Amino acid sequence: MCRVRRVWQFLILAVLAASGCGQKPAPVVDLASERQRMVQEQLMSRGIHEERVLAAMAKVPREEFVPKETRPASYTDQPLPIGYSQTISQPYVVAFMTEQLQLKRDARVLEIGTGSGYQAAILAELAAEVYTIEIIEPLAKNAEATLARLSYKNVHVKAGDGYKGWPESAPFDAVIVTCAPDHVPQPLVDQLKEGGRMIIPVGGLGEQELYLLEKKNGQLEKRTVLPVRFVPMTGEAAKRQ
Ligand code: SAH
């Protein structure tokens, strides 16, 4: 009786082993190919055409900027959580905002809302110096560590309220804001160079409009370029609502 049971046990184990049950390897996601596919299917097909922007998006590994468990989803067409109720933006939005800035190689750029550091890395591929401010200190620390690990030496990360900008390093050729205030912060306008461009989502909690602002003869020229949804700008911006 006992022997019969042992034979059965052996047979069941043999069948399970043959089917690989319980040890199925996780499907291997080829993130490098997915990155190239993202560039084709999410960016080029939607009208992003600036060669340098496409090259930067094809180069920077988004998977390094998201939590480990989210890596397989790195190149999906959506924002992803990065902790502290914050998100890394959808690749298309990152590319679109970057393209709008028309960055020259010698440009100095200010970013408000470092988050994961991904947008800062894209900017660092295209400009000379990137200054980026994040209000949640652990996110700032984490982004700084990721950018250092990937050898970005031209990104300067600061923990603090970006509403006031970075006066010590101003003026900037371009300003990019990746959290939404309900008005354009005046210090950021003041720190924009003559001829410079600012891209900023403005509006309430639900939806905002992306403004492209250009400083011409000391005046701001405003264009509304895309409806978007960003996390709100906290700190001083929230107090002034
Ligand atoms: N650019 C980021 C995503 C931005 S998420 C990336 O590539 O991952 C928006 C970020 O703005 C959040 O991390 C949020 O904490 C930050 N933020 C909100 N208000 C801010 C403020 N007043 N100053 C600086 N950062 C702010």
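With respect to the conditions (1) of a type in the set (A, V, I, L, M); (2) closer than 20 Å to Gly162 by Cβ; (3) out of contact with any helix residue (DSSP H, G or I) (no Cβ under 6 Å at 6 or more places or on another chain), Val66 lacks only one, and its number is (2).
State the number of residues belonging to region 162-173 that are buried (at least 19 other Cβ atoms within 10 Å of the Cβ) and either within 14 Å of the ligand (Cβ to nearest atom) or more than 26 Å from Leu213 (Cβ to Cβ) (or both).
Looking only at region 162-173, we keep the residues that are buried (at least 19 other Cβ atoms within 10 Å of the Cβ), and these are 162-163, 165-166, 172-173.
Now restrict to residues that are either within 14 Å of the ligand (Cβ to nearest atom) or more than 26 Å from Leu213 (Cβ to Cβ) (or both): 162-163, 165-166.
Looking only at that region, the number is 4.
Beta carbons closer than 7 Å, at least 6 apart along the sequence or on distinct chains, pair a first residue in region 39-57 that is on the phi < 0 side of the Ramachandran plot with a second that is among the acidic types (Asp, Glu) and assigned to a helix (DSSP H, G or I) for Ile48/Glu99; Glu50/Glu99; Val53/Glu99; Ala56/Glu125. When Gly218 is tested against (1) surrounded by fewer than 12 Cβ atoms within 10 Å (Cβ to Cβ); (2) at negative phi; (3) not polar (S, T, N, Q), exactly one condition is not met: (2). Within region 80-94, residues that are over 11 Å from Thr70 (Cβ atoms) sit with their Cβ atoms under 7 Å from residues that are part of a strand (DSSP E or B), at 6+ positions apart or across chains, in these pairs: Val93/Val228.
Each residue in region 149-198 was checked for being farther than 17 Å from Ala121 by Cα and of a type in the set (Val, Ile, Thr), and 2 pass.
With respect to the conditions (1) more than 20 Å from Tyr131 (Cβ to Cβ); (2) surrounded by fewer than 18 Cβ atoms within 10 Å (Cβ to Cβ); (3) within 16 Å of the ligand (Cβ to nearest atom), Arg223 lacks only one, and its number is (3). Considering region 75-118, the qualifying strands (runs of 3 or more DSSP E), each wholly inside and each with 2 or more residues that are under 19 Å from Leu210 (Cα atoms) and not charged (D, E, K, R), run over 86-88, 108-112.
Does region 119-141 hold any residues that are more than 13 Å from Gln86 (Cα to Cα) and near the ligand (Cβ under 7 Å from one of its atoms), and which are they?
The answer is Gln119, Ala120, Ile133.
Here are Gly165, Gly235, Gly196: which of them is touching a Lys or Arg at 6+ places or on another chain (Cβ under 7 Å), modelled with pLDDT of 95 or more and of a type in the set (Gly, Ala, Ser)?
Values: Gly165 fails: touching a Lys or Arg at 6+ places or on another chain (Cβ under 7 Å); Gly235 fails: touching a Lys or Arg at 6+ places or on another chain (Cβ under 7 Å).
Criteria check complete, one pass: Gly196.
The values are calculated or read from the model by the stated rules, or taken from the named source; none is laboratory data. Nothing here was measured: the structure is a model prediction, and the numbers come from that model. Backbone-built Cβ (ideal geometry, glycine too); neighbour counts: all protein chains shown.
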